[in-house]
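Quick note: the coordinates plus some simple rules give every number you see, no bench work behind them. Just so it is clear, the structure is predicted and the values come from calculations on it, not from any experiment. We place every Cβ from the backbone using ideal geometry, glycine too, and count neighbours over all the protein chains shown.
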Amino acid sequence: MARRSPKSPKRRRGGGATAGAPSLPALSSLTELPAFGELSCSERQRSAFGVARDRAVAAGAEKDELVMGCVVRLDRGFPAVLCEDAVFRAEFSARLTKGGLAGRAESRAAVGDWVCARRPHGHDMGLIEEILPRESDIARWRGGARGERQTLAANVDLVLVVQQLGERPVSCERLARSAVIARDCGADVAIVLTKADRASDDVLARDVAAVREVLGEACPLALTSSAEREDEVGRVSACARSL
């Protein structure tokens, strides 16, 4: 019996939306997307892509339709996937949505996920065949039962923990909690203290010392300022150089 070819994604109307459903943002309207060359995957993920591609070919896909891409945006179940030569909308293959593959249960993509995607000839949408293993996983518990973790972003190398400076001391407890969560998820941490131009020298010294005491000298720390006056710029710059 001839093998039945896998179903190709349906053509979409209105920039990727199904008929009668709210329109998705047109890909041409998505701004501030990274260039593909600005993204980096691990050797483990490259190797996993080769295995996933072979599985997809065995299931009936054509090898030249399969690309390695990164999920850069989620919109109503139709992720935007960036590959070497294009950005396209994608659906999830039936193989993926029916419980995962190769013993892996993940069937939900997150921003930052590397995927094995199929771009069938003659279609403007693709299919995500597999989600490749994650190197880090910024996640939270879903619902009140704490029985399932929801990935907010995948493959994040560095988490910036941001807090505003002011007359009130920075919340080192919040900074420490955020840093622990990020480290527990496999990412490095840097602290960013904003509005440094609105804080006095004494406040800057107090808050920087408090952050250093809690997180240590090895944790990167940066100050940001919107000051335009030269004396304020110089004052904040001098403090930043002393960090």
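Brief remarks follow.
- The trypsin sites (Lys or Arg not before Pro) of the stretch 160-195 that DSSP puts in a loop, and whose beta carbon has at most 16 other beta carbons within 10 Å, are Lys195.
- Where the Cα pairs of the stretch 41-88 fall when distances are cut into 10 Å bins, in %: 24, 44, 31, 0
- Every Cα-Cα pair of the stretch 147-243 was included, and the share exceeding 16 Å stands at 57 percent.
- Ordering Leu215, Leu175, Leu127 from the fewest to the most neighbouring beta carbons within 10 Å gives Leu215, Leu175, Leu127.
- The stretch 144-222, dipole about Cα centre (Lys/Arg Cβ +1, Asp/Glu Cβ -1), debye to the nearest 20: 300 debye
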